[in-house]
1. If you scan segment 41-85, which residues turn out to be over 22 Å from Leu22 (Cβ atoms) and of a type in the set (Asp, Glu)?
2. Mind telling me which of the residues Lys76, Lys37 ends up being surrounded by fewer than 16 Cβ atoms within 10 Å (Cβ to Cβ), assigned to a helix (DSSP H, G or I) and not hydrophobic (A, V, I, L, M, F, W, C)?
3. Would you mind finding the one in Lys33, Lys37, Lys8 that is among the charged types (D, E, K, R) and more than 30 Å from Ser84 (Cβ to Cβ)?
4. Where the second residue is among the aromatic types (Phe, Trp, Tyr) and surrounded by 13 or more Cβ atoms within 10 Å (Cβ to Cβ) and the first is closer than 10 Å to Ala79 by Cβ and lies in segment 39-54, which pairs have Cβ atoms under 7 Å and are six or more apart or on separate chains?
Amino acid sequence: MPITASAKKALRQSIRRQARNLKRSITYKSTIKDLKKVVLSGQTKEIQNQLAKTYQAVDKAAKTGVIKKNKASRLKSSAAKLLSI
């Protein structure tokens, strides 16, 4: 356990950041799964909406440092390729 005040504060901060990062991570992963489900169902309008949500979630995860910029690019590229299938 931390002893000094600064160490206690650092622990509190890291716990909050971990929760925030976990939420972002779960969000972008679940939007990708939802996109795959919608693509398999074949609903054209819903596909475009879900693709936009996926892009937004991946961009936010990259912006906040949950994932790297190149991984975000790869995820967005693979999401766009799903539409051509």
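1. Within segment 41-85, Glu46 is the sole residue that qualifies.
2. Lys37
3. Unique residue meeting the criteria: Lys8.
4. Partner pairs satisfying both residue conditions: none exist.
Each reported figure results from applying straightforward, stated rules to the coordinates on display, with no laboratory input. What you see is a predicted model, and the numbers here were worked out from it, not measured in a lab. Here the Cβ is made from the backbone with ideal geometry for all residues, glycine too, and neighbour counts use every protein chain on show.
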